[in-house]
1. What shape does the stretch 104-167 take by its C-alpha gyration tensor, where a ≥ b ≥ c are the square roots of the eigenvalues and a/c under 1.5 counts as rounded, a/b above b/c as prolate, and the rest as oblate?
2. Treating only the Cβ atoms of Lys and Arg (+1) and Asp and Glu (-1) as charged, compute the dipole magnitude of the chain about its Cα centre; round to the nearest 20 debye.
3. Could you rank Val100, Val9 by how accessible they are, 1.4 Å probe, largest area first?
4. Assuming R0 = 35 Å, what is the FRET efficiency of Leu54 and Val135, from their Cβ-Cβ distance, to the nearest 0.05?
5. Most fluctuating residue of Thr15, Thr154, Thr104 in a GNM of the chain with Cα springs under 10 Å: which is it?
6. Could you give the length gained by full extension between Arg126 and Phe67, i.e. 0.36 nm per residue of separation minus their alpha carbon distance, to one decimal place?
7. Averaged across orientations, what area in nm² does the convex hull of the alpha carbons in the chain project?
Amino acid sequence: AGPMNGLTVELVPPTGATTSVWSLEPRGGLLVSTMEPMGSPRAITDARGAFRFLAVPPGPYVLRAEFIEQARLDSGNADVSLHARQPLSVGEGSVTGLTVALTTGARVSGRVEFRGPAESPLANGRRLPVGLRPVGADLWRNLPGPVRPDGSFTTAGDAPGRYIVFTSD
């Protein structure tokens, strides 16, 4: 619907292999975890949606960006999950005029069923999320879909790829 300000855009090798540094830091009485990718050129979009990478070595990359926003429960708004993945070859000269279009991810819908003598995890209004974990990922960010009282769910949308369906209680 227009330019996105403050969006992180990164270039990753076509294999997706990257190195990250993970840390826990105390902030305001809480432990906050941070993950910082190393060796992947990153840029932040400005108010016009423009971005610039500096000193990128020549070679093949995948330009990647994602915008994930979970709506507050009482807002009545829907979760938003937008992604961009596009191959990009960097040569000796500058790459200019590139347009990156974010699109909604693929939604996965299904139904969970509980069998056995134990009480259903959905009893008494408990919330149960169903999410997708990228195959081989140790750290990832996406929006799980809540399981409705009838057992059905729909995820907010994820970038193309291979995933493992999971739930946590």
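1. Values: a/c = 2.43, a/b = 1.89, b/c = 1.28.
Prolate, because a/c is 1.5 or more and a/b exceeds b/c.
2. Numbers: 16 positive and 15 negative charges, 41 e Å.
In debye, rounded to 20, the chain gives about 200.
3. Numbers: Val100 40, Val9 5 Å².
Correct descending sequence by accessible area is Val100, Val9.
4. Numbers: r = 33 Å, r/R0 = 0.93.
Plugging the Cβ-Cβ distance into 1/(1 + (r/R0)^6) gives 0.60.
5. Its mean-square fluctuation being the largest, the pick is Thr15.
6. On the way: separation 59, 0.36 × 59 = 21.24 nm, distance 2.80 nm.
Taking 0.36 nm per residue and subtracting the Cα distance, the gain is 18.4 nm.
7. Numbers: hull surface 53.2 nm².
Average of the hull's projected areas for the chain equals 13.3 nm².
The values are calculated or read from the model by the stated rules, or taken from the named source; none is laboratory data. What you see is a predicted model; the values in this text were computed from it and never measured. Glycine also receives a Cβ, built like all others from the backbone with ideal geometry; neighbour counts cover every protein chain displayed. Just the protein is used for accessible areas: all its heavy atoms, side chains included, with ligands, DNA and RNA removed. Shrake-Rupley method; radii C 1.70, N 1.55, O 1.52, S 1.80 Å.
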